[in-house]
Amino acid sequence: MPDADPALPDDGEVVLFHARADGIAIITINRPAQRNALNAEVRHALTHAWRHFEADPALRIAILTGAGDKAFCAGGDLKEMVEDGMRVPPRDFIPVPYDSIELTKPTIAAVNGMACAGGWLIAQACDLCVASTSASFAITEVKVGRGSHWATPLIHMIPQRIMMELVLTGKPITAQRAYEIGLVNRLAEPAELIDTAIALAQAVLDGAPLSVKAGREMVMLATEMGRAAALTAARAAYEHTYCSEDAQEGPRAFVEKRKPEWRGR
């Protein structure tokens, strides 16, 4: 697992942050003995890690994973919930990318074991997902009398009847099944999970930064709007990209048969 970033000394025990020279950040929930459950310490550290990633202009994409091979993240810490007597969790209870945490950069979940409840939530919230062949996914709230309101956006990712079964039964699905229904982009053998996620991240980084940013925005607009409205909004989202230096550099590099030198402007 990656080493803790010295910029985050207080978070090193439960969340590891590794900033690679190629612009990839690897964030690791490091509580394997508790199946990487999201207690208050982890939630605080993870919030700090996401904000650190967003604020660093040298980092362009993040990979989120869990320590060990048993669990990506088992969701909220039920022992802590019992002790606190928690009822309805606040909206910012879990640091969710693009929801309770504001991010403008792409993210990849690298799921190395079970992803349950809040663990599924943060994997679902990432833009892309790579899963170990030994991973599993479950929306388990029905098993413990809690709520899975967070799963609402899942209807844009998988068929309704499959979502209905997952929510009503709480039974897990395998990584292979998650791949078949479109929840997972890539499957990898356990030992190759992070390398596979890094390769996918590097494929994203090969693209022009402004085109990647606008492309992500366009996909989200298309998810949330009707066809005509999404087309109009997407044109506006891409206008800055078309007017950038990179929009001239890309075609020029193609004609000159060389790799583009992206400047992000």
Quiz prompt | Some residue of the range 225-238 being in a helix (DSSP H, G or I), in contact with a Gly (Cβ under 9 Å, 6 or more places away or on another chain), of a type in the set (Ser, Thr, Tyr) and surrounded by 13 or more Cβ atoms within 10 Å (Cβ to Cβ) | solution = yes
Self-check item: Within the range 133-152, considering residues that are outside any loop (DSSP other than H, G, I, E, B) and not aromatic (Phe, Trp, Tyr), the one nearest to the chain's Cα centre (by Cα)
Solution: Ala151
Quiz item: For the range 31-56, how many residues meet the condition of being in contact with a helix residue (DSSP H, G or I) (Cβ under 6 Å, 6 or more places away or on another chain) and small (Gly, Ala, Ser)?
Solution: 1
Self-check item: Cβ pairs under 6 Å, 6+ apart, first in the range 174-198 and in the same structural domain as Asp127 (by TED's automatic domain parsing) and surrounded by 14 or more Cβ atoms within 10 Å (Cβ to Cβ), second of a type in the set (Phe, Trp, Tyr) and assigned to a helix (DSSP H, G or I)
Solution: Leu187/Tyr179
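May I ask you to verify whether Val167 is in the same structural domain as Ala109 (by TED's automatic domain parsing), in a helix (DSSP H, G or I) and out of contact with any Phe, Trp or Tyr (no Cβ under 9 Å at 6 or more places or on another chain)?
Numbers: in the same structural domain as Ala109 (by TED's automatic domain parsing): yes; in a helix (DSSP H, G or I): yes; out of contact with any Phe, Trp or Tyr (no Cβ under 9 Å at 6 or more places or on another chain): yes.
Yes.
Every residue, every condition in (1) farther than 19 Å from Gly113 by Cβ; (2) aromatic (Phe, Trp, Tyr), yes or no:
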position: Trp150; (1), (2): yes, yes
position: His156; (1), (2): yes, no
position: Gly170; (1), (2): no, no
position: Thr196; (1), (2): no, no
Quiz item: Take the residues of the range 54-86 that are at pLDDT 95 or above and acidic (Asp, Glu): which is farthest from Ala151 (Cα to Cα)?
Solution: Asp56
Quiz prompt | Candidate set from the range 126-147 (those that are of a type outside the set (Lys, Arg) and over 16 Å from Arg186 (Cα atoms)); member that is surrounded by the most Cβ atoms within 10 Å (Cβ to Cβ) | solution = Ile139
Exercise. Give the residues of the range 136-161 that are touching a strand residue (DSSP E or B) at 6+ places or on another chain (Cβ under 7 Å) and of a type in the set (Ser, Thr, Tyr), sorted by residue number.
Key: Ser136, Thr140
Quiz item: Quick check: is even one residue across the range 240-257 part of a helix (DSSP H, G or I), surrounded by 13 or more Cβ atoms within 10 Å (Cβ to Cβ), of a type in the set (Val, Ile, Thr) and at pLDDT below 85?
Solution: yes
Quiz item: Would the range 97-112 turn up any residue that is modelled with pLDDT under 95, surrounded by 14 or more Cβ atoms within 10 Å (Cβ to Cβ) and in a strand (DSSP E or B)?
Solution: yes
Quiz item: Within the range 126-160, how many residues are in contact (Cβ under 8 Å) with a residue 12 or more places away in the chain and either over 30 Å from Ala222 (Cβ atoms) or β-branched (Val, Ile, Thr) (or both)?
Solution: 10
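The values are calculated or read from the model by the stated rules, or taken from the named source; none is laboratory data. This structure is a prediction, so every number in the text was calculated from the model and none was measured. Here Cβ is always computed from backbone atoms with ideal geometry, including for glycine, and neighbour counts include all displayed protein chains.
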